[in-house]
Amino acid sequence: MADPTDLIPAPRYARGYGRHLELGPHTRLAVGEGAERTERWLRATLGAATGLPLPPGEGDDDGVIRLYIHRMVTKDLGEEGYRLAVTPSGVHVVGGGPTGLFWGAQTLRQLLGPDAFRRAPLPGRQWRLPQIHIQDSPRFRWRGLMLDVARHFLPKDQILRHLDLMAAHKLNVFHFHLTDDQGWRVEIERHPRLTEVGSWRARTKFGHRASPLWEEKPHGGHYTRDDIREIVAYAAERHISVVPEIDIPGHSQAAIAAYPELGNTDVIDTTSLTVWDTWGISKNVLAPTDNTLRFYEGVFEEVLDLFPADAGPFSEFVHIGGDECAKDQWKQSPTAQARIRELGLADEDGLQSWFVRHFDNWLTSRGRRLIGWDEILEGGLAPGAAVSSWRGYAGGVTAARAGHDVVMCPEQQVYLDHRQHDGPDEPVPIGYVRTLEDVFRFEPVPPELTPEEARHVLGAQANVWTEAMEDPARVDYQAYPRLAAFAEVAWSALPAPAERDFADFERRMASHHRRLDALGVAYRPPTGPRPWQRRPGVLGRPIEGAPPNV
């Protein structure tokens, strides 16, 4: 049985009564209308961990776990809110909607203790729940994790595992970064070379791009169409929306290597390009031609089919990247310059804006919404487009004031590829030092926004870029435990950053580390990296002009 005050993320209200309810073979599951997904998940997950059969029961039976939806909870706490009561006669989990009910079941699992996160029962365990009353609902609607599988591919089973970890932390948007210069990861039937050629590279830089080290073996992989359908369905069962990212017009060297006609052929020999094997910003970007537009319209047609708009509350969004597009080739290209003159644009920045607006209008006409990194603000957007604010808060402030929805994911606060400590043992030290406490004190809503403008902040997202994460264990190390702190920021009704009780969070993390242990997460321990988590001699990326500890 867990300490009822050790929950992460912290609920809005919780009161314990110092007694417990014991579960056993007699414990039954009573399910109301609309609770089917939570029933399937709870029976499969808790059944595996506890060995209890949890057979169907009636709502008035003693010792029963009741799962149902009630409009009064909807009215008071919203669709994602829930009430959970453990009493001497049984358990009541009441959701404001199917999603709220599922989050209540996640809290129930935490209350059973760390062994409830295992996949098989351990001998001699007693299953007790603290008698408690909880009322809870999220602060933000968008509670996201961006996972980059283009730089280092993660097989499908790892994606499903990360979705389970997201659900355990009440995160609900999986931003799936599928394409970049270093790899194309989604099967497109009409353009098979995107995966035949674009999904693998001959070798890989090990560490930062300044590192002299290389992994001299091919790296790659991709998800088939059925893999994607499975991932989307698996996420939907866990009330997680999947937002795919297909990068345009920059970060596209893998696509150009597969189809050289997509590049600026009047400037370079694109037939000589390969999938990029190092990091940074490639100068090989898409040509601003009608052929390129038609090609990517075909890509997005298949993407819309694989990621249906009705799979979750944010499944209408498609991310188009739009960041870090080098303009060198466009400046030299007669074709690009002719297009600038034809469209009456001022310069190459206007050409990028034209490219983004084309797909903004294209997606809008199909009932979808474009979202992109904050560079897409330059040149104007359709009213329905949203912005991922990564270069600090400024892009989010500008977008919100212009009436656009915003997801706050500033590099300086929630890029989890950045180092967690300034110690010499920290593996591949990238960027700023961002400790567990730093993430815990992240505030998604900029104070300069008015209440009306702040309503455009959909929520927040933590980003995991994998250039320096060569395997699943490295992803775990960089993401956890900081993603637990981020989950609390996105879910819980916290005070201002300076007033947050980090000592209490650290106390609760002692229990949460045991949950992560049970789940097999290779997180960074509070005392620093374990010997096998270090990467001695592998260069990172100190920030120029920053203090010595970053």
Taking the range 406-435 only, how many residues are closer than 28 Å to residue 455 by Cβ and surrounded by fewer than 21 Cβ atoms within 10 Å (Cβ to Cβ)? 3
Looking across the range 381-394 at residues that are under 13 Å from residue 322 (Cβ atoms) and assigned to a loop (DSSP other than H, G, I, E, B), the single one that is modelled with the lowest pLDDT is 381
Helices (runs of 4 or more DSSP H) fully within the range 220-329 counting 1 or more residues that are touching a residue at least 60 places away in the same chain (Cβ under 8 Å) and β-branched (Val, Ile, Thr): 225-237, 290-306
Of all residues in the range 499-524, which are in a loop (DSSP other than H, G, I, E, B) and more than 25 Å from residue 157 (Cβ to Cβ)? 500, 501
Residue 439 being buried (at least 20 other Cβ atoms within 10 Å of the Cβ), modelled with pLDDT of 95 or more and farther than 29 Å from residue 183 by Cα: yes
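This table checks each residue for (1) buried (at least 19 other Cβ atoms within 10 Å of the Cβ); (2) assigned by TED's automatic domain parsing to the domain that holds residue 476; (3) modelled with pLDDT of 95 or more; (4) among the hydroxyl-bearing types (Ser, Thr, Tyr).
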| residue | (1), (2), (3), (4) |
| --- | --- |
| 164 | no, yes, yes, no |
| 176 | yes, yes, yes, no |
| 182 | yes, yes, yes, no |
| 207 | yes, yes, no, no |
| 212 | no, yes, no, no |
| 219 | yes, yes, yes, no |
| 231 | yes, yes, yes, no |
Only one of these is under 29 Å from residue 476 (Cα atoms) and either aliphatic (A, V, I, L, M) or modelled with pLDDT under 95 (or both): 67, 108, 77, 52. Name it. 108
Picking from 460, 400, 484, 468, the residue that is surrounded by 20 or more Cβ atoms within 10 Å (Cβ to Cβ), touching a His at 6+ places or on another chain (Cβ under 8 Å), closer than 30 Å to residue 358 by Cβ and not charged (D, E, K, R) would be 400
Here's a check for you: in the range 73-107, which residue that is among the aliphatic types (A, V, I, L, M) and within 31 Å of the chain's Cα centre (by Cα) is surrounded by the most Cβ atoms within 10 Å (Cβ to Cβ)? 101
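Based on what the data block shows, is residue 136 in contact (Cβ under 8 Å) with a residue 60 or more places away in the chain and touching a Pro at 6+ places or on another chain (Cβ under 6 Å)?
So residue 136 passes the test.
Can you tell me which residue within the range 330-352, out of those that are small (Gly, Ala, Ser) and in a helix (DSSP H, G or I), is surrounded by the fewest Cβ atoms within 10 Å (Cβ to Cβ)? Break it down into steps so the answer makes sense when it comes.
Taking the range 330-352 first, the residues small (Gly, Ala, Ser) are 333, 336, 338, 344, 346, 350.
Next cut, in a helix (DSSP H, G or I) only: 336, 338, 350.
Values: 336: 21, 338: 11, 350: 15.
Per the criteria, the residue is 338.
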Going through the range 265-281 one residue at a time, which ones are hydrophobic (A, V, I, L, M, F, W, C) and within 28 Å of residue 212 (Cβ to Cβ)? 268, 273, 275, 276, 279, 281
Of (1) surrounded by fewer than 21 Cβ atoms within 10 Å (Cβ to Cβ); (2) touching a strand residue (DSSP E or B) at 6+ places or on another chain (Cβ under 7 Å), residue 388 fails just (1)
Tell me, please, whether a residue that is aromatic (Phe, Trp, Tyr), touching a strand residue (DSSP E or B) at 6+ places or on another chain (Cβ under 8 Å) and either assigned to a loop (DSSP other than H, G, I, E, B) or not assigned by TED's automatic domain parsing to the domain that holds residue 99 (or both) can be found in the range 355-369. yes
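The values are calculated or read from the model by the stated rules, or taken from the named source; none is laboratory data. None of the values given here were measured: they were computed from a predicted structure. Heads up, the Cβs are rebuilt from the backbone with ideal geometry, glycines too, and the neighbour counts pull from every protein chain shown.
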